[in-house]
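In what follows, a single structure is set out as structure tokens and then discussed.
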Amino acid sequence: MKPFPYAHATHPQWRMAAALVLAQLRAQLALPGAARAPSLALLYITDHYASEAEAILEHLSAELPEVTDWAGTVGVGIAANNVEYFDEPALAVMLCDLSPDQYRVFSGVAPLAASGRAAGVDGFEAHTALVHADGHTPDLAELITEMADRTTSGYLFGGLVGSRSDSVQFAFSSAGNLQGHGASSGVFHGGLSGVAFGPGVDLISRVTQGAQPVDRERTVTAADGNLVLSLDHEPALDVLLRELGISLEQPEAAMPRLRATLVGLTAPIAGEGVRSPQRRGQFGPEVTVRHIIGLDPGRRGVAIADVAPVGSRLAFCERNVQAARADLIRVCAEVREELEPEELSLPLATALESPEADAAPQPARRIAGAVYVSCAGRGGPHFGSPSAELQIVRRALGDVPLVGFFAGGEIAHHRLYGYTGVLTVFTMPVA
């Protein structure tokens, strides 16, 4: 496996952006030691290009005939190494140096076979999967869980389509054309699509949270659907108002604080299992953040944008730039530490610590490529300056191939998240 060639560009005309991307890719493919003939491409476009999705895929696949399989989607913004494109016409492509027997592109018309069942006649078994999903799909949370069950690891990564126009997904496979795609253009609307990876593709993935608890975690002791009625046997609305220091009798002061408040949910624990320790002032990946959508003064309840069954754990929280920065730095450091050898020679340690390490990927880190899916509410507008979020990733991992998009919801493990970032790196074998 070689580092994945990747490219990105912005231009009011998609053909010009595509030409710039193709020129970058061809220059990288011509380098000594470059990937010889990558067959899988990940394609992300901003919603400015959504109406031209079919034309873009047709053009790129014609210009890159060696690439037989495509997956991707649209976002209100897209990500690349050290840069993000928000609210501007742009596209990004990464060519994955994987053999065709290591992955399968799937979609609604060419679905992924269940784990343990041969996918077609070749017996491919999915270990993990990159998933793109339409947020308007009915029973989406259940479909994501079912998709996770179709992999041997139960691990998914990806996100919901983020678009102010057409919600398109790319899923084109030379094998799929024979097994269900028919004459499909490779551009889909609705449902789930993506690419599954076999057990021979090594990945490291982390979830970074963008919200910080403002109070301790409590147990849901009474609930009615999405209405939380009591926390630790105390009316949920009373807890919320007390912890925020507000009163409904002063709505002008209370409403701005309520609008900025979210809830972090943790599913009930089966049996008497021990909960994983929570880092002080931070949420772990087991927590999903949801909106408060209403208050019920009569029943003293708090309505949330999810179902919180009795036994769930709930903490009121708020989005916090400092916490988001610290948590992103933490997950990047975890990825880097997992990849670097436990013992470094003096020359290698010096190289990794030098300022130049940010400008060139180090072989010791073994990163072939990376996919970063972040919430559309994050990025530069949240982190305080253009591309600040992606710059944090680059400072930690170096100048590695990276593409991704800003989503309407993030997928990791078997869950649907909000206000998070999902960083996944493809690792090269130890030399």
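The values are calculated or read from the model by the stated rules, or taken from the named source; none is laboratory data. These numbers come from a predicted model, not from an experiment. Virtual Cβ from ideal backbone geometry, glycine too; neighbours counted across all protein chains shown. These area figures cover heavy atoms from the full protein model, side chains too; ligands, DNA and RNA do not enter into them. Shrake-Rupley method; radii C 1.70, N 1.55, O 1.52, S 1.80 Å.
Here are some notes:
- Restricting Arg336, Arg366, Arg394 to those that are basic (Lys, Arg), open to solvent by less than 60 Å² (accessible area, probe 1.4 Å) and at pLDDT below 90 reduces the list to Arg366.
- Any hit, the stretch 29-39, residues being among the hydroxyl-bearing types (Ser, Thr, Tyr) and not in a strand (DSSP E or B): yes
Residues checked against (1) modelled with pLDDT of 95 or more; (2) in a strand (DSSP E or B); (3) out of contact with any helix residue (DSSP H, G or I) (no Cβ under 8 Å at 6 or more places or on another chain); (4) aliphatic (A, V, I, L, M):
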position: His59; (1), (2), (3), (4): yes, no, no, no
position: Glu66; (1), (2), (3), (4): no, no, yes, no
position: Ala71; (1), (2), (3), (4): yes, yes, yes, yes
position: Leu91; (1), (2), (3), (4): yes, yes, no, yes
position: Ala114; (1), (2), (3), (4): no, no, no, yes
position: Val121; (1), (2), (3), (4): no, no, yes, yes
position: Ala126; (1), (2), (3), (4): no, no, yes, yes
position: Leu130; (1), (2), (3), (4): yes, yes, yes, yes
position: Ala141; (1), (2), (3), (4): no, no, yes, yes
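- Considered as a group, the residues in the stretch 339-355 that are touching a helix residue (DSSP H, G or I) at 6+ places or on another chain (Cβ under 8 Å) and open to solvent by 30 Å² or more (accessible area, probe 1.4 Å) include one that is modelled with the highest pLDDT, and that residue is Glu340.
- Checked against the criterion of being modelled with pLDDT of 95 or more, of a type in the set (A, V, I, L, M) and under 30 Å from Tyr85 (Cα atoms), the stretch 312-329 has no qualifying residue.
- Residues satisfying the stated conditions in the stretch 30-69, i.e. of a type in the set (A, V, I, L, M), within 22 Å of Met428 (Cα to Cα) and touching a residue at least 60 places away in the same chain (Cβ under 8 Å): Ala35, Leu40, Leu42, Leu43
- For the stretch 56-75, the tally of residues that are of a type in the set (A, V, I, L, M, F, W, C) and open to solvent by 30 Å² or more (accessible area, probe 1.4 Å) stands at 1.
- Of the candidates Gly380, Gly421, the single residue that is part of a strand (DSSP E or B), open to solvent by less than 10 Å² (accessible area, probe 1.4 Å), touching a Ser or Thr at 6+ places or on another chain (Cβ under 9 Å) and modelled with pLDDT under 95 is Gly421.
- Within the stretch 214-241, being open to solvent by 40 Å² or more (accessible area, probe 1.4 Å) and part of a helix (DSSP H, G or I) holds for one residue alone: Asp238.
- Only one of Val201, Val207 that is part of a loop (DSSP other than H, G, I, E, B), under 25 Å from Leu402 (Cα atoms) and open to solvent by less than 20 Å² (accessible area, probe 1.4 Å): Val201
- Subset of the stretch 220-236 (residues that are modelled with pLDDT under 95 and closer than 12 Å to Pro297 by Cα): none
- From the list Ala37, Ala23, Ala7, Ala79, the one residue that fits, being modelled with pLDDT of 95 or more and surrounded by fewer than 16 Cβ atoms within 10 Å (Cβ to Cβ), is Ala23.
- For the stretch 156-172, the criterion of being open to solvent by less than 20 Å² (accessible area, probe 1.4 Å) and over 19 Å from the mean Cα position of the chain (by Cα) is met by no residue.
- Residue, farthest from the chain's Cα centre (by Cα), within the stretch 101-112, restricted to residues that are under 11 Å from Gly194 (Cα atoms) and at pLDDT below 90: Ala110
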